[in-house]
Amino acid sequence: MKVLICDATDPKALKLIEEAGIEVVNQPDITPEELLEVISEYPCMVVRSRTKVTKAVLDAGTSLKSVVRAGVGLDNIDVAYAQEKGIKVLNTPSASTQSVAELTIAYLMALARNIPLMTASMKAGKWEKKSFVGSEVSGKTLGLIGSGRIGSAVADRAIALGMTVVAFDPYVTELPNITLMELDELLARADYISLHVPHTDETHNILDAAAFDKVKTGVRIINCSRGGTIDEDALYQAIQDGKVAGAALDVYAEEPLADPKLYSLDQVIGSPHVGAGTKEAKARVGEVAAQKVIETLKG
């Protein structure tokens, strides 16, 4: 029995798999072409967000029994086709919840107090004390689009900061301390909007030009969920028009980011999809992924 590790994975996780008597072939930089050449040898593969598990990969994986996604989303895996072929697709949905929730709150505070702009000003040798008037988040309304594990964790932290939390989630009927409402009402009420949804046909560009027309002027947008859920051109225009006061982005429609136009705007801050990029989350994700590999290969 052996497993192909296609993306960077915590060394302790690899050791757990080896200790279970499974051969680990660690190729964290494997290319799509190389993957197609070798995948037929493996009953199990582990991926993060970099490796795309397409129909071609699944067809070439004639020995595949399972694909383990060390992370939350399954956007990079053709899940329906894998299921057709009888290949299990497993992920680690709760392992990175805390890290993503904390990044979301960090961005919320950074937007409220202009922290990146002030830092850049200080590094330029300036003392622009009167130029950066921030705002308190206490008493403001946070609108969540999606209220699953991460959305709920963000809500808990926002409430502790004195915020009112509202949410749009068509799959939920009741949430403690959160008022559920339709999307249009949320757009009109929220001072901050944070997305916590997968990228599906239903959520594709859920924040588009029409949505930005409905938001409260001065709203700030945070996306640490999935790229493709915001129309990035529409967001750019909404910021240019003064409708949106700022945005913090960790995910993008195309990754690595193909068009840095948004980052020409001082109102935009962001990161290269690092929501789960803490040592604690990486360790938890790796451990859970290792357990799933062991379970699927050793029954």
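Among the residues of region 1-35, those that are without any contact (Cβ under 8 Å) to a residue 60 or more places away in the chain, within 30 Å of ASP250 (Cβ to Cβ) and surrounded by 14 or more Cβ atoms within 10 Å (Cβ to Cβ) comprise LEU4, ILE5, CYS6, ALA8, VAL24, ASN26, GLN27, ILE30, LEU35.
What residue, among those in region 36-58 that are in contact with a Lys or Arg (Cβ under 8 Å, 6 or more places away or on another chain) and free of Cβ contacts under 8 Å to residues at least 40 places away in the same chain, is surrounded by the fewest Cβ atoms within 10 Å (Cβ to Cβ)? Among them, the one singled out is GLU41.
For region 121-148, the set of residues classified as within 26 Å of the chain's Cα centre (by Cα), surrounded by fewer than 18 Cβ atoms within 10 Å (Cβ to Cβ) and outside any loop (DSSP other than H, G, I, E, B) is empty. Candidates ALA13, ALA101, ALA60: the one that is in the same structural domain as PRO198 (by TED's automatic domain parsing) and small (Gly, Ala, Ser) is ALA101. In region 121-138 there is at least one residue matching the filter, namely being farther than 21 Å from ILE269 by Cα and in contact (Cβ under 8 Å) with a residue 12 or more places away in the chain. Taking every residue in region 203-220 that is assigned by TED's automatic domain parsing to the domain that holds ASP241 and within 19 Å of SER147 (Cα to Cα) and pairing it with any residue that is of a type in the set (Phe, Trp, Tyr) and assigned to a helix (DSSP H, G or I), at least 6 positions away or on another chain, yields no pair with a Cβ-Cβ distance below 8 Å. Among the residues of region 187-209, those identified as among the charged types (D, E, K, R) and more than 30 Å from VAL79 (Cα to Cα) are ARG189, ASP191. Before we move on, is ALA290 outside any strand (DSSP E or B) and touching a Gly at 6+ places or on another chain (Cβ under 6 Å)? No; evaluated as a whole, the condition is false for this residue.
Which of the residues that make up region 255-273 are at pLDDT 95 or above and surrounded by 14 or more Cβ atoms within 10 Å (Cβ to Cβ)? Listed by number, the residues that qualify are LEU262, LEU265, GLN267, VAL268, ILE269, GLY270, SER271.
The values are calculated or read from the model by the stated rules, or taken from the named source; none is laboratory data. A quick note: this is a predicted structure, and the numbers were derived from the prediction, not measured. With ideal geometry, Cβ positions are generated from the backbone for all residues, glycine too; neighbour counts draw on all protein chains shown.
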